[in-house]
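Just below is one structure, and these are the notes that go with it.
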């Protein structure tokens, strides 16, 4: 079968031939439909993030997949069922985090991430997975099923952020996304359509005309140009935010978020920047944290429960938004375009097989 | 009656004569027993924090009080009942935070704090208070009732910190207090005796022999000298902490806490530093926040529920610890010693009247 991989020492995706995998006991064989491409894939390609499986000279890419069960292999799944795989897998021997169904809380070294670190991804004609790591989705979501994983990332981050405000009567009205990439825009759509915020904002640094600004404004949100209004001036220029969702990976945003928050607000941090030393007014920010009961919560990955919530969320997002978000779905013969990262590309996927409803 | 106040332009406490206050409707008159002195009082004296009531040339000090109801004035309280007052009062007109019983979540400008900002404190022979801001305590706690307010501060901070970890199966074992002042030591005693941590640590910067180090070790905790082991080296030198409680007001500690935390840990920030610019590796800390699901929660003040929890907590703390913590209780004729802030002073209180059980 064909798979899309990155070879050691290379930074571009390549099509490789691999044997079709055989499912082990407890695993199902899945025929892959589509696999989304995101910023993490670009980081994996560049070598900034992730790592190869032990003893392998290549890593099959892809962690945002949707497929159809080809062989249930004795599991509770049925042939033809549309499924989305979760990303983390237990290293040899397993550990308590996986046992309690919270692989997303496992610390570094206690997990592999398919398509990212230590385990091949899903961007192949077939993949195998333990049945308990496959989340069933309605057939009508098959084409967009590759968005379940990124939505699940936000489901988890919001669950943790809301939990951090659960000790009092929090009545949030305003929310801001930092970053107008595909994850940022998906999150903004959730703020508008499933999370019930009254006023939403999205930060970017693009000039009009721009397709992401169009999406932001079509959603009813306010576009904030970070070149004119830095994050730490947002509260003065617009309003203090009850919730800030950082999806830029720009480290200064993590600290400027403290200023952008309204009293009793919470910031969810999602970015994974590299080392970068800079100056902050650490005293002022510390003071602000305390006197206004603010919170910051880091969040990575997601578990089956978040995937299940994400399926419901995805079904509730408006079709016109999703049409605008997905700027291209490409076959293996057009791989370069799937991995394009220019200003007209928002969200792409690689199609391994078309979904045929039975 | 006599009261202890700071006059505008002065930085020392003075005894002033004031008329005994008359309770308004819904208020009780309380005969003050004891009023604790803490770091906030010293900040108020120095002018670094707080502010005078409108139109007044002095501020009566004291926000950690215990007293006896002298005149219930038609409220549900009874004469002779031992009570502790909460600190925040609604400014004219009130607001939603007070209406829902969460004055601790009110932003700046939406509250007065008795003895700190905008309203006279409790360090007087009598004070009045709305009955709903008086928490009844058992008579046997009358002598130590001035510790209920500081314990309530930690009750709130821990409630918020635990809430921030409530979205997953958090099983904390290790906890560290930054700061060996009276609030830090009270919190350390809670970690050992009411919060159930397996391993506890307390950071200070004192040489032995020192009474706070003795208390730390008598509690069964490990003393960490910040001059040898900075906060961001604690995880390597000892272990990553599931919980860090910052009570130093030293702004760098807020950020070093991110490094000191174990994966999935939470830091509670309590200090109120002034502006101070310094360099951090903001990229590394941001990365650490996200990849290890860490959280920081700022916390200020406390509400009636936290005072009620604090009464139970205080009753559960061992007497020898409390004896060591309270280094002196002084009458009005010995005021200077109550406000001493040297290395042999841990926690003091001013006694306005001795408790006489009826």
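Bear in mind these aren't lab numbers, they're just calculated from the coordinates by the rules spelled out. What you are looking at is a predicted structure, and each value in this text was computed from that prediction instead of being measured. Here the Cβ positions follow ideal geometry from the backbone for every residue, glycine too, while neighbour counts run over all protein chains shown.
Quick rundown of the values:
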read-out	value
Computed helical MRE - 222 nm, chain A, DSSP H runs ≥ 4 contributing -39500 (n - 2.57), nearest 500	-7500 deg cm²/dmol
For region A:25-67: rounded, prolate or oblate by the Cα gyration tensor [a/c cutoff 1.5]	oblate
Across the identical copies, how the residue B:43 labels are spaced - nm, sorted shortest first, 7 Å along Cα→Cβ	3.6
Centre separation in Å (Cα based) which lies between region B:176-221 and region B:111-134	30
FRET efficiency for residue B:136 and residue A:78, using Cβ-Cβ distance with R0 set to 56 Å, rounded to 0.05	0.35
Other copies of residue B:319: label-to-label distances in nm, shortest first, labels 7 Å along the beta-carbon direction	7.7
At 7 Å out from Cα toward Cβ: residue A:220 inter-copy label distances (nm, ascending)	5.5
Sorted by Cβ neighbour density within 10 Å, fewest at the top, the residues A:313, B:78	B:78, A:313
Nearest-0.05 FRET efficiency for residue A:316 and residue A:25, computed from C-beta distance (R0 45 Å)	0.75
Nearest beta-carbon to the B/A symmetry axis - residue in chain B, distance in Å	B:164, 2
Distance between modelled label sites at residue A:173 and residue B:171, nm, 7 Å Cα→Cβ extension	4.4
Bridge type composition, the protein assembly as shown - antiparallel percent by DSSP, nearest 5	55
Ranked by how many other beta carbons lie within 10 Å on average, peptides A:128-140, B:209-221 from highest	A:128-140, B:209-221
Surface/4 estimate of mean projected area, convex hull on alpha-carbon atoms of the protein assembly as shown, nm²	33.4
Region B:134-235: relative contact order as a whole-number percent, Cα under 8 Å and 6+ apart	21
Region A:209-358 - Kirkwood radius from inverse mean 1/r over Cα pairs (Å)	18.4
Where labels lie 7 Å past Cα in the beta-carbon direction, separation of residue A:205 and residue A:327 in nm	1.8
Region A:152-298: projected area of the alpha-carbon convex hull, averaged over directions, in nm²	8.5
Under the Debye formula (equal points on every Cα, no solvent term), log10 I(q)/I(0) of region A:78-192 at q = 0.14, 0.18, 0.21 Å⁻¹	-0.77, -1.14, -1.31
Crossing angle, helix A:148-163 versus chain A [Cα axis fit, 0-90 degrees, rounded to tens]	40
Sorted by Cβ density within 10 Å, fewest first, the residues B:241, A:190, A:123	A:190, B:241, A:123
Cα centroid of region B:281-350 to Cα centroid of region A:10-78, whole Å	52
Sorted by Cβ density within 10 Å, fewest first, the residues B:332, A:314	B:332, A:314
Anisotropy class of region A:189-244 from Cα gyration tensor, a/c 1.5 cut	oblate
Shape of chain B, Cα gyration tensor, a/c cut at 1.5	prolate
Crossing angle, helix A:251-260 versus chain A [Cα axis fit, 0-90 degrees, rounded to tens]	40
